[in-house]
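J.: Got a structure here, written out as structure tokens. Questions coming.
The values are calculated or read from the model by the stated rules, or taken from the named source; none is laboratory data. All of these numbers come straight from a predicted model, not from anything done at the bench. Reconstructed Cβ throughout: ideal geometry from the backbone, glycine too, with neighbour counts over all protein chains shown. Accessible surface is based on the protein model in full, side chains and every heavy atom, while ligands, DNA and RNA are left aside. Shrake-Rupley method; radii C 1.70, N 1.55, O 1.52, S 1.80 Å.
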Amino acid sequence: MFKKMQKQINRNRNRVPGGEVSSTRIMVLAIFFLVGFLLIGIKLFLVQVVEHTKYKNIARNHLEHQREIPAQRGTIWDRHHQTLAVDLIHFSLGVRPRLVQDVGKTARLLSRILDISYQKLLSRMKKQSPFVYVAHRLSPEKANEIRKLRLKGVVLEKRFSRYYPMKEIGAQVVGYCDFDNQAGAGLELKYDELLRGKPGKSIFLRDALGNQIPNLDFPTSDPINGMSLETTIDLVYQSILEEELKATVLSHKALSGSAVLLDPRTGEVLAMANYPGYDPNRYNQFPVDHYRNRAITDVYEPGSTFKMVTLAVALEAYALNLDKKIVNCENGKYRLGRKVISDHQPFKYLTARQAFERSSNIGIIKLAQKFSPLVFFRYARDFGFGTMTGIDLPAEASGILHTPDQYSKYSLSYMSIGYEVAATPLQIAAAYGAIANQGILMQPFVVRRILDDTGQPMKEQQPVIIRRVVKAETAEKMKEVLVGVVEHGTGHTAYLEGVKIAGKTGTAQKLDEATGSYTSNRHVAYFAGFFPADKPRFVLVVVVNSPRRGYYGSQVAAPAFKDIVERIIGLPGNSTPTEIEQAGVQWASTQQFLVPLEGMGIKTAQNILESRDLRYEIIGNGNIVYKQEPAAYSEVTEKTKVKLFTEGNVKSTGKRMPKLKGLTLREALQVLNTQDLTVKVEGSGIVYKQYPAPGTPISSKIEIKLVCKPS
Amino acid sequence: MKKSSVDPYLLISFFVLMLIGIIMVYSASAFYARQYWGNNLFFLKRHLMWLFLGLIAMGMAYSFPFEKLKGYSAIPLFLGLAILFYAGIITRQRWVYWGPIHFQAVDVAKFTLILFFADSLSRKEKFLHRYADGLFPHLFYLMLMAALVLAQPDFSSAFMLILIGIIMLYVAPVRVQHLVFTGLAFVPPLIGVVLLSPYKLQRVVSFLNPEKDLKGAGYQVFQSLVSFGSGGITGVGFARSTQKMFYLPEAHTDFIFAIIGEELGLIGTLFVIGLFVVITVRGISIALRTTDRFTMYLTVGITSHFALYALINMMVTLRLAPATGLPLPFISYGGTALLFSCVYAGMLLRFSRETGKKPVRSGSPATKIYNWNQNRRESLQRVAPKKRRR
């Protein structure tokens, strides 16, 4: 064969010059090309046959997409179905520039509906990217308008975002969701799993530009909307507590404050307030510190409020006769080891009842001295100290209650007056609730019903009895003592004509964490109690942390307690759930009805009305709504104009003349917070006359006169 | 020279390739056309328009007496250089727009170069073993042209131009060592060009490390492999490619072979390769058989054009070569490349007819193929008259 090729080449060479070279080289060239094609064939075989499955899967992965269909998060209501937290539906508007047919026309039409200029829209639509967002948070009405235009390349995406119409009210209880709709605190966090629901999924094929490929149906699963929570919170009570707490914290220049209002019969949390607060709608603008529900996360030494445990032990375990037992109060100074215990006022001999009413530390310690540590511990534990209440809120603290084996020689003495223990305001509220509830401790709870998205109740929370702590008779006796505290004891600043209040003040020196010793300039002012004492319906605890103007529980917390009680009791018909139920108003439909605004601060009421797009008129220039027209729970439409009648300026400063007789002048001035008051002083030493009389509302216009004489 | 019929295999290969081109351009471009032009048929219409022009040009080339150009090929060469100068130096873009007419300058220039080389080499064969007055003038024009193309800038077209030129010089009686040494002299500047333009370097890098760069320059070629691979043996079916839905860029132009691989599978790709093999083999056989040196050089140039473009395009789509934008002759969407492919096809068919009747002696493999064909044709002809007689 080679010979034959040679012959052919020779022939060619003879025929044309250079022909011999050409033929060989053309053959080389041909072989070169054919080898190239062969190589490609081999590679094709490898890619298309050997690696077929691998590449097929890659192609499928590129193509298949899963889209999440968001589920609507459940709503959180107060007990009358006033909305505390709700998912609003809104729409994001996007544009696929390449699919838009007439950019100018589309931009013009959209700019008419949106508040975006034509030029801005045009520049957005001329972008090179396959998808551009044009506007966010469009209302469903606007989205509908846009949808009706049937514009090509314009996409509307349904979104949800959390909205808290009541803003600060109840914020720490409700919690918040961050801007990615992830729960951050409070009920939102605790019930996140229920609230969240389950997003739906749809699988579809998509080209590389993100366009859905038509005519390819894939299975989809619908989203399951989240459950809704009906809480035990009463918005009116909640706002009252928050307003009064705020006023107290500000006027006493305190660091913070908490207030808890429970129904002692059920353990329902009617209100739980903390100051400083935050607006969950713009949570990021507040310090993280403000998100905290201090009423359950912060522990304080309860001070004198803890003396009721001592009282319970003495009455039940040691059969104390309150009026016969006399204790020597050592004239206000009593040595306990290296430390000296002192009373706020020197006493000599007091009956046990008096010792409680006057809150004599020395008297109580003496009563407690013969207690068995174990018995004392058991009662304290039974009242719920040292254990979590089990409330359905996150981050609850258990407080501190040492076991008897940890006690030092004087531990029992200190504990009997509320030191060496620590409790949350909620624990104290629950313990006082047990006294109010004939000795039975109830578990506090916030969510009373869980409803699915159609409004069908899924779970109903029944009141949970934790245990009987003391006998009913003991509870009755304790109640008497506590009523006495308010009527003629240290709690007199909480005294209110017409309402029988049982309660106890408390003032605890704060433990300085740096030195480990008690400070004399940092206090926690307490008032814990319940009312009406004959048939207790409310337990209320007010805690003010580190007040700098006055520090006694009786000076700081008790007046706030009284103001709250006054407003709650003063509510028209005292809108308890039973009465509303009798009125035939159903929970689910109350949203079309007017909110009860009576008793709320004017600003709170305004917020609520504005969030509901209701027009209103304020009559009078007071701070608190005392009457509303139309009445609460009457039907309202957008056209209704709500009239709010406000009180006179009586409560504007929230101050009334305290009882100053017997105090030194310095103490009296401290109590008065003289900054915006004009005080005229006659003489010096101890106050023995005061004008006006205790309990009179005071403001800057009234001249206060104190007559003193040397002690 | 006696007339005879054209090579039917060549003719059929060309037309089948054109047909595949029409179908695949439509299939590969429909989504793209609808997305960006709002019309599925946007590219198909234009492709058919180019093809229509191409067929006219093919007919003209088929009937044009190219031997008359002998000795005058410098005129078109300077015309080609002028156009390249205009595109490469003045406008610095690949396309030349003259009123309604627009074309790629390099396609025109390549045609004039092949013509000039064929004419000049066939007339100067006696001097080609010398460097200064034999090889050098040719190399000069080749490099000048390549430099102008590079200035557009169009690296891959310049590379192809040089390859075709070198092949034509190689089959001429030049000394191989002259070519090699000249080639070596060009290696350092070539590396310099690659290193200095980052995108070329990146393509080379992504070719060498394909897995590292799936999102960047390697993305296209990876998607191309995915297309081939998901096609398998039989393909996913005509028009059912999903890769063309913007996953594979340039699906209807430079990467159309990948869409063929996906829709028609290994069967389809091997069939297309087969057609190009037929064109190559038939072209080579014409070159071997012709006694006219001018025709021989033209045939080699044209055959190399088809074979090289097919080879490099396929190699790029299969990641056997760095990514460059070269069309697959007859199949890739339109443009002057298609027009000139048709012209070359017309020329090749003309030369196949001219050499068809030449007495052939047995010997080389090419002549064997030729003889086999000849025998078959004769046997067919023997059968046919009988039929007629009935």
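J.: Go ahead and collect, in residue order, the members of region A:129-154 whose backbone nitrogen is under 18 Å from a label point 7 Å along the Cα-Cβ direction of residue A:98.
T.: A:129-133, A:152-154
J.: While we're on this one: Just to be sure I understand the model, the point goes 7 Å from the Cα along the line to the Cβ. What's the resulting residue A:409 to residue A:136 distance in nm?
T.: The modelled label-to-label distance comes out at 6.7 nm.
J.: Another question, then. Could you tell me whether region B:50-178 comes out rounded, prolate or oblate from its Cα gyration tensor? Rule is a ≥ b ≥ c as square roots of the eigenvalues, rounded for a/c under 1.5, then prolate if a/b exceeds b/c, otherwise oblate.
T.: Verdict is oblate for region B:50-178.
J.: While we're looking at this one, here's another question. If you roll a 1.4 angstrom probe over the protein chains with everything in place, what fraction of the accessible area of the protein assembly as shown belongs to carbon and sulfur, to the nearest %?
T.: 57
J.: Using a/c under 1.5 as the rounded threshold, could you call chain B rounded, prolate or oblate? The axes a ≥ b ≥ c are square roots of the C-alpha gyration tensor eigenvalues, and prolate needs a/b larger than b/c, oblate otherwise.
T.: oblate
J.: Relative to the longest principal axis of the C-alpha atoms of chain A, give the angle of the C-alpha long axis of helix A:553-569, reported between 0 and 90° and rounded to the nearest 10°.
T.: The answer is roughly 70 degrees.
J.: Give the distance, in whole Å, between the Cα centre of region A:44-76 and the Cα centre of region B:62-116.
T.: Taking the Cα centre of each part, region A:44-76 and region B:62-116 sit 49 Å apart.
J.: What is the list of residues in region A:528-557 whose amide nitrogen lies under 15 Å from a point 7 angstrom out from the Cα of residue A:476, following Cα to Cβ?
T.: A:534-536
J.: Please compute, for peptide A:50-60, the average count of beta-carbon atoms on other protein chains lying within 10 Å of each residue's beta-carbon.
T.: That works out to 6 on average.
J.: By average Cβ neighbour count within 10 Å, what is the ranking of A:169-175, B:97-103, B:163-169 from highest down?
T.: Peptide ranking by packing, descending: A:169-175, B:163-169, B:97-103.
J.: Have a look at the DSSP beta bridges in chain A and tell me what percent are antiparallel, nearest 5.
T.: Antiparallel bridges: around 90 percent, rounded to the nearest 5.
J.: Give the distance, in whole Å, between the Cα centre of region A:426-440 and the Cα centre of region B:283-334.
T.: Going from one Cα centre to the other spans 97 Å.
J.: I'd like to know how region B:294-338 sits against the 2.2 N^0.38 Å rule of thumb: what's its Cα Rg over that expected value?
T.: For region B:294-338, the normalised Cα radius of gyration comes out at 1.27.
J.: With contacts defined as alpha carbon pairs under 8 Å and 6 or more residues apart, what's the relative contact order of chain A in percent?
T.: Computed value for chain A: 11 percent relative contact order.
J.: Could you provide, to the nearest whole Å², the per residue accessible area of region B:8-382 with probe 1.4 Å?
T.: For region B:8-382, the per-residue accessible area is 40 Å².
J.: Over both sides of the A-B contact, add up the buried accessible area with a 1.4 Å probe and give it to the nearest 100 Å².
T.: Chains A and B together bury approximately 4800 Å².
J.: In addition: How large is ³J(HN,Hα), in whole Hz, for each residue of region A:258-269 in order, when computed from phi with the Karplus curve 6.51 cos²θ - 1.76 cosθ + 1.60 and θ = phi - 60°, using x for Gly and Pro?
T.: Computed from phi, the couplings for region A:258-269 are 9, 9, 10, 10, 10, 8, x, 6, 10, x, 5, 7 Hz.
J.: If each of residue B:49 and residue B:204 carries a label point 7 Å out from its Cα toward its Cβ, how far apart are those two points in nm?
T.: Computed distance between label sites residue B:49 and residue B:204 equals 4.0 nm.
J.: Related question: Once you list every other residue whose beta carbon is under 13 Å from the beta carbon of residue A:437, what net charge do they have if Lys and Arg are +1 and Asp and Glu are -1?
T.: That works out to +4.
J.: Where a ≥ b ≥ c are the square roots of the eigenvalues of the C-alpha gyration tensor, would you call region A:324-374 rounded, which needs a/c under 1.5, or, failing that, prolate if a/b is larger than b/c, or oblate?
T.: oblate
J.: Determine the relative contact order of chain B: mean sequence separation of Cα pairs under 8 Å and six or more apart, normalised by residue count, in whole percent.
T.: 27
J.: Just counting partner chain Cβ atoms within 10 Å, what average do the residues of peptide B:296-305 show around their Cβ?
T.: For peptide B:296-305, the averaged partner shielding equals 2.
J.: On to the next question. Provide the per residue accessible area, probe 1.4 Å, for chain A, rounded to a whole number of square angstrom.
T.: Here the per-residue accessible area is 46 Å².
J.: Residue A:670 to residue A:336: FRET efficiency via 1/(1 + (r/R0)^6), r the Cβ-Cβ distance, R0 22 Å, to the nearest 0.05?
T.: Efficiency at R0 = 22 Å is approximately 0.20.
J.: Determine the equivalent ellipsoid of region A:66-227 by diagonalising the alpha-carbon gyration tensor, then write out the semi-axes as square roots of 5 times the eigenvalues, largest first, rounded to whole Å.
T.: Three semi-axes, in Å: 34, 21, 12.
J.: Could you pull out every one of the aspartates and glutamates with an alpha carbon less than 17 Å from that of residue A:333, ignoring same-chain neighbours closer than 8 positions?
T.: Reachable aspartates and glutamates: A:343.
J.: For residue A:135, which sequence-distant residues (separation of 5 or more, or a different chain) have an amide H within less than 5 Å of its own amide H, given hydrogens modelled in the peptide plane?
T.: Result for residue A:135 returns A:93.
J.: Could you sort out which of A:510/A:659; A:54/A:201; A:500/A:562; A:142/A:167; A:659/A:705; A:504/A:705 sit more than 20 Å apart by Cα distance in this structure?
T.: Check vs 20 Å cut-off fails for A:510/A:659; A:54/A:201; A:142/A:167; A:504/A:705.
J.: Another one. To make sure I understand the rule: partners must be aspartates and glutamates, Cα under 20 Å from the Cα of residue B:68, and not fewer than 8 residues away in the same chain. Which ones qualify?
T.: Cα-Cα hits under 20 Å: B:119, B:125, B:292, B:354.
J.: Could you work out the mean count of beta carbons from other protein chains within 10 Å of each residue's beta carbon in B:221-228?
T.: What the average comes to for B:221-228 is 5.
J.: Excluding same-chain residues fewer than 8 positions from residue A:409, which aspartates and glutamates have a Cα within less than 13 Å of its Cα?
T.: Within the straight-line limit of under 13 Å, residue A:409 reaches these aspartates and glutamates: A:420.
J.: Need one number: convex hull volume per residue for the protein assembly as shown, Cα atoms only, in Å³.
T.: About 272 Å³ per residue, rounded to a whole number.
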